[in-house]
1. Using Cα pairs under 8 angstrom and six or more residues apart, how large is the relative contact order of the chain, in percent?
2. Between Asn429, Phe103, Gly316, whose Cα lies farthest towards the positive end of the dipole of the chain when Lys and Arg beta carbons carry +1 and Asp and Glu beta carbons carry -1, centred on the Cα centre?
3. If each residue's Cβ is checked for other Cβ atoms within 10 Å, how do Ser79, Ser488 rank with the fewest at the top?
4. Return the subset of Lys351/Lys472; Lys407/Lys472; Lys345/Lys426 for which the Cα-Cα distance in this structure is over 27 Å, preserving the input order.
5. At a 10 Å Cβ-Cβ cut-off, how would you order Phe452, Phe19, Phe103, Phe280, fewest neighbours first?
6. If you count, for each residue, the other Cβ atoms within 10 Å and average over each peptide, how do 367-377, 37-47, 492-502, 330-340 line up from highest to lowest?
7. Kindly rank 205-216, 459-470 from highest to lowest mean number of other beta carbons found within 10 Å of each residue.
8. Tell me, how many Å apart are the Cα centres for segment 231-251 and for segment 74-116?
Amino acid sequence: MKRNIYLSKLTLKEAQEKFYKTLLKYKLAQPLKRELVSTEDSLGRITAEPIFARISSPYYQAAAMDGVVVRAGDTYEASESSPITLKINQDFHFINTGNPIPFGFDAVIKIEDINPLNEFKREKNKDISNGFNDDSKEENIKEIKIFSAVFPGQHIRNIGEDIVANQLIIPVNHKIRPVDIGALLAGGVNQLFARRKPKVAVIPTGDELIPPGEEISAGKIIEYISKVIKGLIYEWGGKARVYEIVKDIPVDLKWILLEAASQNDVVVVLAGSSAGSKDFTSEIVKSIGDVVVHGVAIMPGKPTILGIIDDTPLIGLPGYPISAIIAAEQFLKPLIFRKLGLIVKRREEIKVHMAHKVVSRLGDEEFLRVKLGNIDGKIMAYPLSRGAGVVTSLVEADALIRIPLLKEGVDFGEEVEAELLEDLNKIKNNIIVTGSHDLVLDILRNELQEEFSDFNLVSFNVGSMGGLLALKQKRTHLATAHLLDPESGEYNFPYIKKMFPQRELMVVNLTDREQGIMIKRGNPKNIKGIDDLVKKDIK
């Protein structure tokens, strides 16, 4: 297949459409074939066809309660003042929940609503949940008294009350849930046809990479992003095979790509897509297949490659972890979903207000990771680290804010849309702390999570003055500070009084901090204290 479809930096929408249209043209985006799976093992699978019940449930008329089964017509004249007497085996039978209803009978009276004949008077507020006195035994009871009429079908489950034979239980392209498994088994469906899980090859590349667990050294990077992508593939319904790290040897990568394309439904290459001297993935793909897109106007994720090798879609993800994850969300996830017959649903979006001004680069759509907090009834968005290599920015993120490619950023207080990554109720329990950093905040966060797991302490380290300013601007719940006033020699209070003259605040002395200075091993300058730092030979 040689098509020489080429490349320039496209908008996200243009890149998605171009890639998808190319896959459609060569019939590479259709749902995969079906496979037979056990219903009991089908959790999370996608149905390849509508599934109909093979039997009714219940399969027979069944008692819905423990008690006695009677003919409703025999009870019509029963009342509190004029009870009627029923004889065992002639007028009633004892029955347990789930037992078949005997022929000719059409109603069940709950066990607590009947009285043996030796109980001539029913005591109104007496606990008879077992239906009888302690000295009464079911096998000894020959007659019972009925104090009210019953209707036909009372406490009886009819055939097909839940599921009728040949009824549609779940449709095609449905993700099977635990409750679906129950309904299918109840309807006699013990096996079903599900979409085959897309097989995705994940190929990490780079001389600098080492597997997790190997001893780290300068110039070496632990390769973990393949494990992240593998987990995402699993969440999206696919099946990943992670290859061993491929060194920066073009011929080796070429043969690995050809092998992976022949054995998988999608090939994902990690790194090698940028403009470095060893970023030759694009050239290799062109030599054995086609590059559809190289370069997408998103940040992070710009160097993404979209191509085809041996009738197999290929996605080249950038080497930085956040870039790889964002690009995978935008291109790999929709492809896996299409092969399962599904459509990606948009995340829940809410209106938020920016807690800080953010400057963004024109020409790229930026995916800004943010933490959210509810300040005085307003959801505030706090930008996290924007580095493409800072994986913790996604660990901590509550939401993503997309800054359009023709916008230079967002202003403080500006209202924007945020795509939620966390449950909104959890987000509303975030406690925002802004100001000076101290390790005690990490300890406090863990203690809070241990005692009150619904709450999360979120700290932003912007310095003492930054914390007080955030408190003044109502951008935080708490501010941490350790400001020394040189005139009075007092900590914090002079600044608080100056910045909040008309506002009541609670000041808590959280901890005393002990600080020192670092010196060379052996203390060659004989430094004993702060006074020694003014010596001429000390820098």
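1. Working: 1080 pairs, mean separation 70.0, N = 539.
It comes to 13 percent, rounded to a whole number.
2. Gly316
3. Working: Ser79 12, Ser488 9.
Ascending number of Cβ neighbours within 10 Å: Ser488, Ser79.
4. Values: Lys351/Lys472 23 Å; Lys407/Lys472 29 Å; Lys345/Lys426 21 Å.
As for pairs spanning more than 27 Å Cα to Cα, those are Lys407/Lys472.
5. On the way: Phe452 11, Phe19 25, Phe103 6, Phe280 18.
Starting with the residue having the fewest Cβ neighbours, the order is Phe103, Phe452, Phe280, Phe19.
6. Working: 367-377: 20.2, 37-47: 16.9, 492-502: 12.6, 330-340: 22.4.
Those peptides, ordered most packed to least, come out 330-340, 367-377, 37-47, 492-502.
7. Working: 205-216: 13.8, 459-470: 19.7.
In decreasing order of mean packing, 205-216, 459-470 become 459-470, 205-216.
8. Segment 231-251 and segment 74-116 have Cα centres spaced 67 Å from each other.
Laboratory data are not the source of any read-out in this text; all were calculated from the coordinates shown. Because the structure is predicted, anything quoted here is derived from the model rather than measured. Positions of Cβ are backbone-derived with ideal geometry, glycine not excepted, and every protein chain shown enters the neighbour counts.
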